[in-house]
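Here's the structure, in structure tokens; my notes come after.
The values are calculated or read from the model by the stated rules, or taken from the named source; none is laboratory data. In this text the structure is predicted, and so the values were computed from the model without any measurement. Cβ: placed from backbone, ideal geometry, glycine included. Neighbour counts: every protein chain shown.
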Amino acid sequence: MLGAIAGDIIGSVYEGIPIKRTDFELLNQWCTFTDDTVLTIATADCILHQKDFAVTYREYCKRYPNAGYGGYFIRWAFTSGAGPYNSLGNGSAMRVSPIGFAYKNLDEVLKQAKESAQVTHNHPEGIKGAQAVAAAIFLARTGKKKEEIKEFIEKKFSYNLGDRIENIQRWYSFDPTCPGSIPQAIIAFLESENYEDAIRKAISLGGDSDTLACMAGGIAEAYYGIVPKKIKKFVFKKLDKYMYAIINEFYEKYINVK
């Protein structure tokens, strides 16, 4: 899941800025974590300690209140007892990467992705988006080829993954919905040569760059098996000790297992 967090942090300074190229400064001093990172770590915390998704997302929002959450999520988080708000936004997918790494079979990944999404994003597209990203991560980490991942996502979720990055750059603009961002993030991964290239391609689309890079980054880490050391070092400097502890515990239990 560090790949998703790194994508969020690197993409944070380019959110809403359509740079439309890949030769940008990767590790900008002004980069910071956003709600994507906060809620990704919250998801990992839920998995590690069998916590309730809704309760934990609210707790993390209150711990890190200035991370750039959407308005609907903020109102939900600070309204005790509020139910889901039928969102199809990509907030359900940006936080789901730990689920793709933690579970041993695809059925459980899809089940848990739905559970994590529907506490807020109970719109069918919101649930589908979380499941698609989690499934892509699971397939990537279990040795599937890119063409196999592409075929599964297209058939299971009816996303069109046939476009090309160079073409998407021409027409794409800010779209924080699942249908309007998840296919593009997956395509960035599919066309990538390595982890860093996936992040660069996702951000080069413009728009919701931190979340595009977050989603593409989670899949890329699962597929390539590594986040470069220079990026890890940069990312950990942006996080606090509490975040680092959850990440470290998650990796020890689910990813660095021999």
Within region 195-207, identify whether any single residue is of a type outside the set (Val, Ile, Thr) and more than 18 Å from PHE24 (Cβ to Cβ), and answer yes or no. no
Index of the failed condition, VAL227 passing every other in (1) modelled with pLDDT of 95 or more; (2) more than 21 Å from ALA44 (Cβ to Cβ); (3) in a loop (DSSP other than H, G, I, E, B): (2)
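How about region 53-106: which helices (runs of 4 or more DSSP H) wholly inside it have at least 3 residues that are free of Cβ contacts under 8 Å to residues at least 60 places away in the same chain and surrounded by 20 or more Cβ atoms within 10 Å (Cβ to Cβ)? It would help to see each step written out before you state the result.
Working: elements: 53-63, 71-77, 91-94, 97-102.
By residue number, 53-63.
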Is there a residue being closer than 24 Å to ILE226 by Cα, out of contact with any Gly (no Cβ under 6 Å at 6 or more places or on another chain) and at pLDDT 95 or above anywhere in region 64-75? no
Cross-chain or 6+ apart pairs with Cβ under 7 Å, region 122-143 first and closer than 16 Å to PRO84 by Cβ and among the acidic types (Asp, Glu), then buried (at least 24 other Cβ atoms within 10 Å of the Cβ) and at pLDDT 95 or above: GLU125/CYS178
Every residue in region 17-52 that is touching a Phe, Trp or Tyr at 6+ places or on another chain (Cβ under 6 Å) and in a loop (DSSP other than H, G, I, E, B), please. LEU27
Filtering region 40-52 down to residues that are more than 10 Å from PRO98 (Cβ to Cβ) and not charged (D, E, K, R), which residue is surrounded by the fewest Cβ atoms within 10 Å (Cβ to Cβ)? GLN50
